[in-house]
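Undergrad: Before I ask anything, let me first share the structure, which is written out below as structure tokens.
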Amino acid sequence: MNISITKTAAPKQKPDQSHLGFGIHFTDHMFIMDYTEGKGWHDARIVPYGPMAVDPSAMALHYGQAIFEGLKAYRTANGEILLFRPEKNMQRVNNSNRLLCIPEINVDDCVQAIKELVKVDAYWIPSAPGTSLYIRPFIFASEPALGVRPAHSYQFVIILSPVGAYYKEGINPVKIYVESNYVRAVRGGLGEAKTVANYAASLKAQVEAKEQGYTQVLWLDGVEKKYVEEVGTMNVFFKINGEVVTPALTGTILPGITRMSTIELLKKAGVPVSERKITIQEIYDAHAAGKLEEAFGTGTAAVISPIGEFSWNGNVIKVNDGKIGEVSQRVYDTITGIQSGELEDTFGWIQKL
Ligand code: COI
């Protein structure tokens, strides 16, 4: 793919690496590519970061035909730049696109676009421990029209943000509210797509949980409100009586790349791990029997986040005395070690720029 590059004439001041927060600062450039029916994806370009002209009737603004991704670039101690499984994110774009009736992208071209953009803004990649360059590709329906149907034109955009930890807790365990009222997704819906609607559907529950002192919401299935699905921005794992379990992907759960990597690495390390249906009652009972040993979330933004407590219908489920567990710590150390280049990548996950 041919990508034209127009550099900014006014580079911005870089933020202080010790106070990056998450998704607040943006780099100097962005990638844009257009889709026009009959012409396909065209005009790949890197341009200065800034506001984009969007028609007020652009269909994404009205009917939510939009998807996004999240991945990270890391700076190693010797200055190399690493990407973690970028092809998996771009394959997931196409899964989301199929569900949202958005034309598919070429995975290799889009990995190339990420690499080119990260190279142009390489100077922005932070190197302090726990920091990285968050990469946010997204696609939205740009056609100006108000009929409810798939659009005929789209834009694929990539923006970059130097980030620190997603949760203020960092690697300290978070408190989670088990949501028994609102639902995020139902079977046959959009739950497994990384689409804006799923995040819009999560906001009210998240606000209410925050007001009660919880960091995130744990979603149950949308029909019986019995089966554990995922946490707001992460997939969820439990260690019960020596076995690591995570909810099976049944169409309502986001197929996380950190989730997939965690399963692969536990299997390789010989830790028993299974993907299956898990009821919230099972978690409660395991806790009551002293067999709920650990709980943690996985995600690109959240990395590995230990969970110290669940609140479910007025019951408090404390996990491992509110401390990070041994498996959670091992998964965190291994995944972040591979991502930062400190540990050898025996999986073939890393792509060097
Ligand atoms: C990610 O982990 O990359 C996400 O997209 C989660 C969230 C920030 C929406």
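Undergrad: Of the conditions (1) surrounded by 20 or more Cβ atoms within 10 Å (Cβ to Cβ); (2) modelled with pLDDT of 95 or more; (3) small (Gly, Ala, Ser), residue 305 fails just one. Which one is it?
TA: (2)
Undergrad: Right, next: Which residues, taken from region 212-248, are among the aromatic types (Phe, Trp, Tyr), open to solvent by less than 40 Å² (accessible area, probe 1.4 Å) and more than 16 Å from the ligand (Cβ to nearest atom)?
TA: Residues satisfying the conditions are 214, 238.
Undergrad: While we're on this one: Could you give me the residue pairs with C-beta distances under 9 Å whose first residue belongs to region 94-123 and is charged (D, E, K, R), whose second residue is part of a helix (DSSP H, G or I) wherever it lies, and which are 6+ apart or on separate chains?
TA: Final answer for the pair search is 104/93; 104/94; 104/97; 104/98; 108/87; 108/90; 109/90; 115/86.
Undergrad: Only one residue in 90, 59, 33 is within 16 Å of the ligand (Cβ to nearest atom), closer than 23 Å to residue 194 by Cα and in contact with an Asp or Glu (Cβ under 9 Å, 6 or more places away or on another chain), so which one is that?
TA: Testing whether each residue is within 16 Å of the ligand (Cβ to nearest atom), closer than 23 Å to residue 194 by Cα and in contact with an Asp or Glu (Cβ under 9 Å, 6 or more places away or on another chain) leaves just 90.
Undergrad: So, residue 32, is that one under 24 Å from the mean Cα position of the chain (by Cα) and at pLDDT 95 or above or not?
TA: When the stated conditions are applied, residue 32 passes them.
Undergrad: Under 8 Å between Cβ atoms, at least 6 apart or on separate chains: pull out the pairs that start in region 132-147 with a residue that is in contact (Cβ under 8 Å) with a residue 60 or more places away in the chain and end on any residue that is more than 16 Å from the ligand (Cβ to nearest atom) and of a type in the set (D, E, K, R).
TA: 132/75; 133/75; 133/121; 142/34; 142/55; 144/55
Undergrad: Please list, ordered by residue number, the strands (runs of 3 or more DSSP E) wholly in region 69-180 having 2 or more residues that are in contact with a Lys or Arg (Cβ under 6 Å, 6 or more places away or on another chain) and open to solvent by 10 Å² or more (accessible area, probe 1.4 Å).
TA: none
Undergrad: Separate question: Do the conditions hold for residue 57, that is, is it open to solvent by 50 Å² or more (accessible area, probe 1.4 Å) and out of contact with any Gly (no Cβ under 9 Å at 6 or more places or on another chain)?
TA: No; evaluated as a whole, the condition is false for this residue.
Undergrad: Can I ask one more? With the requirement that a residue be open to solvent by less than 50 Å² (accessible area, probe 1.4 Å) and assigned to a loop (DSSP other than H, G, I, E, B), what does region 26-44 give you?
TA: 27, 28
Undergrad: Here's something else I'd like to know. If a residue must be within 16 Å of the ligand (Cβ to nearest atom) and among the polar types (S, T, N, Q), how many such residues does region 134-173 contain?
TA: Residues that pass the stated criteria total 1.
Undergrad: A further question on this structure: If I ask for residues that are among the aliphatic types (A, V, I, L, M) and either in a strand (DSSP E or B) or more than 18 Å from residue 288 (Cα to Cα) (or both), which ones from region 300-323 would you list?
TA: Within region 300-323, 301, 302, 303, 304, 307, 316, 317 meet the criteria.
Undergrad: Considering only region 283-290, I want to know if a residue exists there that is open to solvent by less than 30 Å² (accessible area, probe 1.4 Å) and under 25 Å from the mean Cα position of the chain (by Cα).
TA: Checked region 283-290: at least one residue is open to solvent by less than 30 Å² (accessible area, probe 1.4 Å) and under 25 Å from the mean Cα position of the chain (by Cα).
Undergrad: Quick check on region 181-188. Is at least one of its residues part of a loop (DSSP other than H, G, I, E, B), away from the ligand (no atom under 15 Å from the Cβ) and within 19 Å of residue 234 (Cβ to Cβ)?
TA: yes
Undergrad: I would also like to ask the following. Among the numbered conditions (1) in a helix (DSSP H, G or I); (2) touching a residue at least 12 places away in the same chain (Cβ under 8 Å); (3) more than 16 Å from the ligand (Cβ to nearest atom), tell me where residue 262 comes up short.
TA: (3)
The values are calculated or read from the model by the stated rules, or taken from the named source; none is laboratory data. On a predicted model such as this, the values are computed, not experimentally measured, just so you know. Ideal geometry is used to build each Cβ from the backbone, glycine not excepted, and the neighbour counts take in all protein chains shown. Ligands, DNA and RNA are stripped out before the accessible areas are found, and what is left, the full protein with its side chains, is counted by its heavy atoms. Shrake-Rupley method; radii C 1.70, N 1.55, O 1.52, S 1.80 Å.
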